[in-house]
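The values are calculated or read from the model by the stated rules, or taken from the named source; none is laboratory data. From a predicted model like this one, the values you see are computed outputs, not experimental measurements. FYI the Cβ positions are ideal-geometry reconstructions off the backbone, even for glycines, and counts take in every protein chain you see. The area values use the complete protein model at the heavy-atom level, side chains included, leaving out ligands, DNA and RNA. Shrake-Rupley method; radii C 1.70, N 1.55, O 1.52, S 1.80 Å.
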Amino acid sequence: TSGRASVVGLDLRKSAGKARQKLGYMAQKFSLYGGLSVRGNLEFFSGIYGLSGVRQKRKTEKMAEIFHLEPLLNSPTDSLSLGYKQRLALACSVMHEPDILFLDEPTSGVDPVTRREFWSHINALADHGVTVLVTTHFMDEAEYCDRIALIYRGRLLALGTPDELKGLAAKDTSTALPTMEEAFITLVEQASEEDA
């Protein structure tokens with residue numbers, strides 16, 4: 001209802017279309033078109049982001065290769081397993097090489113191998129200069145991030161590196177740091193005590 005929002009220096013009120021070209025988003029709930037084939041979704045989303053012709057064809061092929069979708073290109077998206085649906089969703093969200101990528105619980109419900117693969121992709125994107133914001137309820141996944149914002153009941157409890165947050169939650173400096181999950185629970189309990 002108030003305030004100002006900008007993305008890579010672009011005011012969202014004045015330049016929403018330009019800002020959208022700099023953003024990628026993958027929803028927690030599968031949100032692609034089930035009636036389209038895998039290729040159809042890749043082509044549709046690349047078209048939305050302004051790719052066409054040879055560039056679109058090359059990008060579609062590259063995403064299919066990177067995310068191991070080649071054997072499924074002609075398959076209806078509705079027929080895919082959850083893991084492949086999530087791979088396709090991630091491929092569509094990075095098709096246009098965004099500067100900032102929002103991933104809303106990207107590994108929720110997928111098997112451990114697919115989870116590990118997703119984090120390999122996420123880390124590769126970050127290594128190439130993409131700012132990746134991930135929401136997750138898996139604290140072991142949060143540890144893969146450079147910085148973590150712990151949010152509880154809509155309130156920011158702490159912000160820092162995984163080790164900084166563990167240090168905030170450590171009860172005694174002579175013992176080993178708590179796990180990320182233990183740190184989260186401790187910080188939530190401390191916030192609840194302060195609110196009481």
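The rows are residues; the columns are (1) in contact with a helix residue (DSSP H, G or I) (Cβ under 9 Å, 6 or more places away or on another chain); (2) polar (S, T, N, Q).
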| residue | (1), (2) |
| --- | --- |
| ALA16 | no, no |
| GLN21 | no, yes |
| LEU36 | yes, no |
| ILE66 | yes, no |
| LEU72 | yes, no |
| PRO98 | yes, no |
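The single condition among (1) open to solvent by less than 50 Å² (accessible area, probe 1.4 Å); (2) over 19 Å from the mean Cα position of the chain (by Cα); (3) of a type in the set (Val, Ile, Thr) that THR136 does not satisfy is (2). Within segment 139-154, restricting attention to residues that are open to solvent by 100 Å² or more (accessible area, probe 1.4 Å) and out of contact with any Phe, Trp or Tyr (no Cβ under 8 Å at 6 or more places or on another chain), the residue that is nearest to PHE118 (Cα to Cα) is ASP146. Taking the conditions exactly as written (aliphatic (A, V, I, L, M), closer than 26 Å to GLN28 by Cα, free of Cβ contacts under 8 Å to residues at least 60 places away in the same chain and surrounded by fewer than 17 Cβ atoms within 10 Å (Cβ to Cβ)), does ALA124 satisfy them or not? For ALA124, the condition - aliphatic (A, V, I, L, M), closer than 26 Å to GLN28 by Cα, free of Cβ contacts under 8 Å to residues at least 60 places away in the same chain and surrounded by fewer than 17 Cβ atoms within 10 Å (Cβ to Cβ) - is met. Listed by first and then second residue, the pairs with beta-carbon distance under 9 Å, at least 6 apart or on different chains, first residue in segment 15-34 and modelled with pLDDT under 85, second open to solvent by 30 Å² or more (accessible area, probe 1.4 Å) and part of a helix (DSSP H, G or I), are PHE30/LEU82; PHE30/LYS85.
When segment 37-74 is filtered for residues that are closer than 12 Å to LEU88 by Cα, touching a strand residue (DSSP E or B) at 6+ places or on another chain (Cβ under 8 Å) and in a loop (DSSP other than H, G, I, E, B), only LEU73 remains. Of all the criteria given as (1) in contact (Cβ under 8 Å) with a residue 24 or more places away in the chain; (2) part of a helix (DSSP H, G or I); (3) surrounded by 15 or more Cβ atoms within 10 Å (Cβ to Cβ), the one not satisfied by LEU103 is (2).
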